1. Which residue, THR186, THR174, THR128, has the most motion in a Gaussian network model of the chain that connects Cα atoms within less than 10 Å?
2. Output the 0 to 90 degree angle, nearest 10, between the alpha-carbon long axis of helix 304-322 and the longest principal axis computed from the alpha carbons of the chain.
3. Kirkwood Rh over alpha-carbon pairs of the range 44-185, then Stokes-Einstein at 10 °C and 1.306 mPa s: what D in µm² s⁻¹, rounded to an integer?
4. Tell me, what is the percent relative contact order of the chain, built from C-alpha pairs under 8 Å that lie six or more residues apart?
5. Would you mind checking which residues have amide H under 5 Å from GLU229's amide H? H placed 1.01 Å from N; only 5 or more apart, or other chain.
6. To make sure I understand the rule: partners must be lysines, Cα under 20 Å from the Cα of LYS277, and not fewer than 8 residues away in the same chain. Which ones qualify?
7. Taking the range 155-308, how much of its Cα-Cα pair set, in percent, is spaced more than 18 angstrom apart?
8. Quick one: check the C-alpha center-to-center distance for the range 153-197 versus the range 236-267, whole angstrom.
Amino acid sequence: MPTQSSSPYLPFGENKHAAWYGKDIISVKQFERADLEYIFGVAHEMRGMVERVGTFDLLKGKILANLFYEPSTRTSSSFTAAMERLGGSVIPINEVKYSSVSKGESLPDTVRTLECYADVIVLRHPETGSAAIAAKAARKPVINAGDGVGEHPTRAPLDTFTVMEELGRLDNLTVTMLGDLKYGRTVHSLARLLSKFSNVKLNYVSPDILRMPKEVMAEVAERNIPQAEYTSLEKVLPETDVLYVTRVQKERFEDPADYEKVKGAYVIDPDVMKAAKKEMAVLHPLPRVTEISVDFDDDPRAAYFRQMEYGLYVRMALLAMVLGKA
Ligand code: CP
């Protein structure tokens, strides 16, 4: 468990962010640097509160509908834990096949139903754009917990919060993203968000068929952030401050033969990491399969389990913000 330190962030409440009350969170494009700094401040306070008292009543009486059309361990359970740590409660729909979706109920009708019972809806759905459709249908806030290969906008704030807590800065960083950069919605959101910081350099390392989408690179380029693509990690690992490893996602491939060609393309292990800096961090959105060896887990640079814990505090902050309590 990370240790609690004095806050490097703005004090809780000392910012404009009643602005998030009642808002949907659909895309990472909604977050400017000031928003992130505010989220980090609230998340840091949440961390301190959890460490001191465990659970407290900031959202007592509020209900979250957790609507998941795709599998999830971390996102679903961290939103549940976040709501319960804040004294609220949760309607869990983790298997839509047991809901009226299996009878053909549409997404707009499903969210209109859930908002009759809940104050906020967290949605994961396999189709890109589904969160925006749900938000249009709903009067209550909708939080996108992953829409197909589109975005996962609550992840990028937690990934950047992890970097802040681990390395103490988001400016002056070389970040290398590795693996499935085509289908990996987490890296799409993270690249967009990191482009809002100064003196950031982004390296993309992937097999040729899994390169970072051109539209993401074009958006990042608009902010004059240097970007470079590679197929091998070797050249860029020694300069890397944050290595963001992703799983090659079997479930996203139309042709299984393509998956077989690239599934074991990169493996991070203690031997590979000898070439990396001593002060750097390895992140992974998890779940992993073979791309990070378990032999590396005890290395202090392996931040991916701490990253999950930071996700709890960021999701507590986001729930409190959209429900008008932060
Ligand atoms: N990385 C991530 O979002 O994890 P889950 O799919 O388990 O939610």
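1. Top of the fluctuation ranking is THR128.
2. Approximately 30 degrees, to the nearest ten.
3. For these conditions, the coefficient is 96 µm²/s.
4. 20 percent
5. Under 5 Å from the amide H of GLU229: TYR204.
6. LYS201, LYS235
7. Percent of Cα pairs beyond 18 Å in the range 155-308: 54.
8. The two parts, judged by their Cα centres, are 17 Å apart.
The values are calculated or read from the model by the stated rules, or taken from the named source; none is laboratory data. Predicted, not measured: the structure shown is a model, and the values here were computed from it. Virtual Cβ from ideal backbone geometry, glycine too; neighbours counted across all protein chains shown. What goes into the accessible areas is simple: the full protein's heavy atoms, side chains included, and nothing from ligands, DNA or RNA. Shrake-Rupley method; radii C 1.70, N 1.55, O 1.52, S 1.80 Å.
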